[in-house]
Amino acid sequence: MGKILFLHGYTQSGSLFSKKSAALRKALQKLGFTASYPTAPIKLALPDSADPEERAQLEGQGIDDESCGWWVKDEEKREYVGLDKTWAYLAEYIKEEGPFDGTVGFSQGAALAGMLCSQITKIAPDHPPFKFAVLYSGFRSPLPQHNYIYNPLISTPTLHILGSLDTVVSEQRSKTLIDACEKDMRAIYTHPGGHFVPSSKNSLNTVTGWILTTMKASDAKATTGDEDGWESDFDNIGRGDI
């Protein structure tokens, strides 16, 4: 079917995210997708966690050699330290491992995936736009210097997955990313859990079903160039909540 780029959360790694998203990865493999799990280029230590919400992820767990991030938020300077390094790393990774049909991101990785949907043709000029993005507990960058990323709104079809018990990335914070995506190209699913990638049958069926429908609509649009056909197919995915 195609390849999917998986982007891990803060303090994780590609190998750890592969384990934590194993149920989803296996469900997608049954449909013919292969998954790629890069590890963020920034090694973390406890003092690097300046964001109070992200810091909650570190409490009660040790920091080891696998703890990485796509950036470190500097509250005082109000910047994402290391983001330039991440863009350079992803440009090379996508060139070597791509092309990718879509991306799946978790937490900070979902925030990055949203950015990448907007910037993919600038980061990797030879790569086509993503056909879809699945964003678990994502959020928009609140920094003014990143406003250009969300203007115009992200046009990639996006599925935003929220945890009703998520205390790390609140629903309000996730809504900032939802609002940065075109209304007719986004869908929302809320699972009855916390800050993790859910593995229930209902969650897996929702995600895989949405991806297949979105891929079908995208391929049909590319083949026929029929904008009306896209709208018709997207009606089957649903607008807003699902």
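The values are calculated or read from the model by the stated rules, or taken from the named source; none is laboratory data. Quick caveat, the model's predicted, so the values are computed rather than measured. Because the Cβ atoms are built from the backbone with ideal geometry, glycine has one as well, and the counts that use them run over all protein chains shown. The area values use the complete protein model at the heavy-atom level, side chains included, leaving out ligands, DNA and RNA. Shrake-Rupley method; radii C 1.70, N 1.55, O 1.52, S 1.80 Å.
Brief remarks follow.
- For beta carbons closer than 8 Å, sequence separation of 6+ or different chains, a first residue in segment 24-47 that is open to solvent by 70 Å² or more (accessible area, probe 1.4 Å) and a second that is of a type in the set (S, T, N, Q) and not in a strand (DSSP E or B), the qualifying pairs are K43/S67.
- Within segment 143-193, the set of residues being in contact (Cβ under 8 Å) with a residue 40 or more places away in the chain and aromatic (F, W, Y) comprises just one member, Y189.
- Any chance G114 is of a type in the set (G, A, S), in a helix (DSSP H, G or I) and within 23 Å of T206 (Cα to Cα): yes
- For segment 117-149, taking the residues that are assigned to a loop (DSSP other than H, G, I, E, B) and among the polar types (S, T, N, Q), the one that is nearest to the chain's Cα centre (by Cα) is identified as S137.
- Per this entry, S141 is counted among residues that are more than 22 Å from A217 (Cα to Cα) and touching a strand residue (DSSP E or B) at 6+ places or on another chain (Cβ under 9 Å).
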